[in-house]
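Have a look at the structure below, then the notes.
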Amino acid sequence: MPQNTHLELVSAEAERQAESPREAWDASALHSQAVELARQLGWVPSVRSSHTLKERVRALHRRLAPLLHAFRGPLPDKPVSDDFHWLHDNLRLVETELYGLRDAVKTIRKVPHVRRSDGVVVPRVAALAEGLLSATAYQFSEQAFSAYVEAYQETTVLKMKELWGLVSAMKLLLLEQIAARASQLPANPAGLYGAG
C-alpha cells in the first residue's frame, strides 16, 4: 500500500508548530491594543499625502548603508555577538530590503493620515505598523498580524491601498530597528552581552 507522504508532512508540520515556543503576544491583549490604537488615532482629512515615509527611508539609507559595509567580508577572528553574526549572515537580505523600500513607500504616499497621541501627523499605515510591532515585541507571526489588523478594523476600516502598504511600513520600522542596533556593532562586535 503506498504511503501518503502529503499527510505525513502536514502532520509533522502541525507537531512542529505545536512544539514551538509560546507566541510573544496574548490574543486578548493584542485585540485590546489594536482597538485602543484605532480609537486614539485622529484622522486628519486635510492631509491627503505626505513625504513622511519617503523622508524616513532617506534618513534610514543615509544611516544604514555605511554601516552595512562593516559587515562585508569574513567574520572577525574574535568572538562576535548574535546580532553581529545575524547581520553578517543576512547582509544581502537587509540591503535588498533597504533598496527596495524606496519604491515601496512611493505607493503609499497618498493614504489617509492620522494624528498620533504625541501630536505628530503620519500615514495611518505607519501608525498601525508601529502599533502592531510594539504589541508583538517585534516578533512577527501571521496569526498576530491577522488578529491585530482585524481588531483594528472593528473600529476603523482600512483602505485596500493601506492593507497593501502595511508590509512596506513594517519593513521600514524593522530596518530602523536594525540600524539602531547595528550602529553599536562595528566598534564592539562582541556586543553588550558578550559573544553569542
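The values are calculated or read from the model by the stated rules, or taken from the named source; none is laboratory data. A quick note: this is a predicted structure, and the numbers were derived from the prediction, not measured. All Cβ positions, even for glycine, are placed from backbone atoms using ideal geometry, and neighbour counts span all protein chains on display. In case anyone asks, the SASA skips ligands and DNA or RNA and just uses the protein heavy atoms, side chains included. Shrake-Rupley method; radii C 1.70, N 1.55, O 1.52, S 1.80 Å.
Within segment 84-96, is even one residue open to solvent by 20 Å² or more (accessible area, probe 1.4 Å), of a type outside the set (Lys, Arg), closer than 19 Å to Gln40 by Cα and modelled with pLDDT under 90? Spell out how you get there, then give the answer.
Of all residues in segment 84-96, those open to solvent by 20 Å² or more (accessible area, probe 1.4 Å) come to 85-86, 88-90, 92-93, 95-96.
Now restrict to residues that are of a type outside the set (Lys, Arg): 85-86, 88-90, 93, 95-96.
Subsequent filtering for residues that are closer than 19 Å to Gln40 by Cα retains none.
No, segment 84-96 contains no residue that is open to solvent by 20 Å² or more (accessible area, probe 1.4 Å), of a type outside the set (Lys, Arg), closer than 19 Å to Gln40 by Cα and modelled with pLDDT under 90.
Are any residues in segment 18-49 crowded, with 17+ Cβ neighbours inside 10 Å, modelled with pLDDT of 85 or more and over 16 Å from Val157 (Cβ atoms), and if so, which ones?
Leu30, His31, Gln33
Might you check whether a residue that is more than 27 Å from Ser46 (Cβ to Cβ), touching a residue at least 24 places away in the same chain (Cβ under 8 Å), more than 17 Å from the chain's Cα centre (by Cα) and open to solvent by 10 Å² or more (accessible area, probe 1.4 Å) occurs anywhere in segment 101-117?
no
If I go through segment 50-82 residue by residue, how many of them are touching a Pro at 6+ places or on another chain (Cβ under 9 Å) and open to solvent by less than 70 Å² (accessible area, probe 1.4 Å)?
10
Going through segment 141-177 one residue at a time, which ones are of a type in the set (Phe, Trp, Tyr), closer than 28 Å to His61 by Cα and in contact with a helix residue (DSSP H, G or I) (Cβ under 8 Å, 6 or more places away or on another chain)? Lay out the reasoning, then the answer.
If we filter segment 141-177 for residues that are of a type in the set (Phe, Trp, Tyr), which is where we start, we get 145, 148, 152, 164.
Those still in the list that are closer than 28 Å to His61 by Cα too: 145, 164.
Correct list: Phe145 only.
Looking at this structure, is Gln139 modelled with pLDDT under 95, closer than 15 Å to Leu67 by Cβ and of a type outside the set (Phe, Trp, Tyr)?
No, not satisfied.
Of all residues in segment 128-150, count the ones that are within 12 Å of the chain's Cα centre (by Cα), surrounded by 17 or more Cβ atoms within 10 Å (Cβ to Cβ) and aliphatic (A, V, I, L, M).
So the count comes out to 5.
Between residues in segment 166-183 that are part of a helix (DSSP H, G or I) and residues that are open to solvent by 50 Å² or more (accessible area, probe 1.4 Å) and of a type outside the set (Phe, Trp, Tyr), which pairs lie under 6 Å by C-beta distance while being six or more apart or on different chains?
Close Cβ pairs satisfying both conditions: Lys171/Glu97; Ala179/Arg63; Arg181/Asp83.
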